[in-house]
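Enquirer: Could you have a look at this structure, given as structure tokens, before my questions?
The values are calculated or read from the model by the stated rules, or taken from the named source; none is laboratory data. Fair warning: this is a prediction, and the values are worked out from it, not measured in the lab. Heads up, the Cβs are rebuilt from the backbone with ideal geometry, glycines too, and the neighbour counts pull from every protein chain shown. The protein model used for the area step is the full one, side chains on, heavy atoms only, and it has no ligands, DNA or RNA in it. Shrake-Rupley method; radii C 1.70, N 1.55, O 1.52, S 1.80 Å.
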Amino acid sequence: MNDKWMLYMRGSVTFGLGLAIITLLARWVTGNTILSSPQTLIQYGIAGSIGYAIAGGLAFFFLGLVAKRVRRSFPEAITIGDVLKEKLLPSYYHTFILMLLFMGAYALMVQFYAAGTLFYYAIPQLPLIGFGGFLLLVIYFGGYGGLKKLTSLSFYSVVMIFLTTILLPIYSYLQNGISPIYDGVKLYHPYLFFMGSHETVWFVSAAILVFTGQILTDSATWMRIFVTKPEKIGLAFQSTGLIWATVPMALLALLLFAISGKSFDHVYLLIQTMLQALDASFLMIIFVFFV
């Protein structure tokens, strides 16, 4: 492989702990996380939302154990395909590659669907412009820029993640108080506090398996693993899991604030309700950039 191709695939530096956490967070805090939070809250209540956050954190912990061993065993690998090529017979290798390509294409379609839905509610007057801008960003950073551009974008993504998950809930609850929000949710949506359903336990158990499978079969995640220092991989995944779990919890706090004074007709309208609840313009700008 020539130097330009290696730079495109692996970037210009080997990831330490901090950079590995940043790139993994930027990879996995996505539109899916935002869209899944309202659905989880309404269907499984507050207990389900907490379980959803825990499930994602545990998945990262389990994958850290696997990734550390794979990274040590295949120090020269660049993608998960390199590992499969060494471990499998040609017929099985091609089958797995086709499966990975299919799952990658499916994941990309889900991302575009999530982006389209979020832009529709964030800027309903110009949804196609927002979606077109998102498509151009994907082509530029992911298709043209390679891992080097994606790494530089990760810093800005993580800044917006922390601004959103820390600033917005704190501002909302300081402005309105915890008691009025709790009383409003209890009045309009008392079912969210119900914790006796066995479905929640099954949901959390399934979520751990689904999260683990998604991360395990994600080619972009493995590319980041193969450029991370082997001794840092386990701690990087554990730390990413802990930090990632705070994002659904922050979205849960925002959703409870948004619905504390009203009912709603459709679960996807919760995105619009949450946007409307952010009455300060600078909060709206922060959330839209986060989206």
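Enquirer: When you look at M195, is it open to solvent by 20 Å² or more (accessible area, probe 1.4 Å) and not in a helix (DSSP H, G or I), yes or no?
Expert: For M195, the condition - open to solvent by 20 Å² or more (accessible area, probe 1.4 Å) and not in a helix (DSSP H, G or I) - is met.
Enquirer: Which one of the conditions (1) open to solvent by 70 Å² or more (accessible area, probe 1.4 Å); (2) of a type in the set (K, R); (3) closer than 23 Å to F15 by Cα does R224 fail to meet, given that it meets all the rest?
Expert: (1)
Enquirer: Can you tell me how many residues within the range 33-84 are aromatic (F, W, Y) and under 30 Å from L7 (Cα atoms)? Let's see the steps before the verdict.
Expert: Of the residues in the range 33-84, the ones aromatic (F, W, Y) are 44, 52, 60-62, 74.
If we keep only those that are under 30 Å from L7 (Cα atoms) as well, we get 60-62, 74.
Number satisfying all stated conditions: 4.
Enquirer: Next question, about the same structure. Quick test for you: out of P90, P38, P124, pick the one residue that is more than 21 Å from the chain's Cα centre (by Cα) and closer than 30 Å to L270 by Cα.
Expert: P124
Enquirer: Let me spell it out: the conditions are (1) touching a residue at least 40 places away in the same chain (Cβ under 8 Å); (2) in a helix (DSSP H, G or I), and I78 meets all of them except one. Which number is the exception?
Expert: Answer for I78: the failing condition is (2).
Enquirer: Considering only the range 92-111, I want to know if a residue exists there that is open to solvent by less than 30 Å² (accessible area, probe 1.4 Å), out of contact with any strand residue (DSSP E or B) (no Cβ under 6 Å at 6 or more places or on another chain), among the small types (G, A, S) and part of a helix (DSSP H, G or I).
Expert: The answer is no, given that none of the residues of the range 92-111 is open to solvent by less than 30 Å² (accessible area, probe 1.4 Å), out of contact with any strand residue (DSSP E or B) (no Cβ under 6 Å at 6 or more places or on another chain), among the small types (G, A, S) and part of a helix (DSSP H, G or I).
Enquirer: Let me ask something else. Of the residues that make up the range 129-149, is at least one without any contact (Cβ under 8 Å) to a residue 40 or more places away in the chain, part of a helix (DSSP H, G or I) and over 30 Å from W5 (Cα atoms)?
Expert: Yes: one or more hits.
Enquirer: Another question, then. What tally of residues in the range 227-249 results from selecting those that are more than 13 Å from G56 (Cβ to Cβ) and buried (at least 19 other Cβ atoms within 10 Å of the Cβ)?
Expert: Final tally of qualifying residues: 6.
Enquirer: Let me ask something additional. So I170 fits all but one of (1) farther than 30 Å from G11 by Cβ; (2) open to solvent by less than 80 Å² (accessible area, probe 1.4 Å); what number is the exception?
Expert: Of the numbered conditions (1) farther than 30 Å from G11 by Cβ; (2) open to solvent by less than 80 Å² (accessible area, probe 1.4 Å), the odd one out for I170 is (2).
Enquirer: Going through the range 12-47 one residue at a time, which ones are closer than 17 Å to S219 by Cβ and crowded, with 22+ Cβ neighbours inside 10 Å?
Expert: Selection gives F15, A20, T23, L24, W28.
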